[in-house]
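Note sheet for the following structure.
The values are calculated or read from the model by the stated rules, or taken from the named source; none is laboratory data. Remember, predicted model here, so these are calculated numbers, not experimental data.
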Amino acid sequence: MRALFHASTTAPSDAAAAERTTAAASAETDPEGPPPIIWTTDRLNKDQIAKVDAVFHKILWLDMFETSMLNNLINERLGLNLTNKQRAQLQRQMKMRAAGQSGAATASVAVEAVEEGPKLVDLKLTGFDAKSKIKVIKEVRSIAGLGLKEAKELVEGFPKTIQKELKPEQAQELKAKLEAVGAIIELV
């Protein structure tokens, strides 16, 4: 990916921030606006460069909250939604980088996360004893918080997932409850 503009990536000092504030104030009174960005591509015409330049300068003045909102909006509009697992992995990587560790250490953490496996499990009904169908329906109803009709449909339509993303301890406890009334449960 080619860079479209040249901009400094270092954080501004207090003097630089004061200079930007002064430049912004003069830009409001100056009809020409802020100084243009030095473009390194010839694929854009002057109108396109002016539009992108104006948007870029507006983004520069957003605070952290507004930048986060803009990022979320762009991701939502483009359909780039992270799963909880991806979000957790990204947060771990950011913490590692903030702590000053190298990319190699970050890569090793990602490999460890894959080797550990999922920390959350799903509770799946794979069958039940025909004699204890009513007991299984009642227990599924209380665990999943369903109405009688929904619980009956879930039990009769096995194999079905009763609950998703449970902690392993909680899933084992619910599995024991359901197996006590005659259900056949699998932790996925």
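Points worth noting:
- Flag: residue 122 matches the condition of being at pLDDT 80 or above, outside any helix (DSSP H, G or I) and under 32 Å from the mean Cα position of the chain (by Cα).
- Looking across region 73-93 at every residue that is within 21 Å of residue 166 (Cα to Cα) and aliphatic (A, V, I, L, M), the one that is modelled with the highest pLDDT is identified as 88.
- Some residue of region 95-113 being at pLDDT below 90, part of a helix (DSSP H, G or I), under 21 Å from the mean Cα position of the chain (by Cα) and of a type in the set (Lys, Arg): yes
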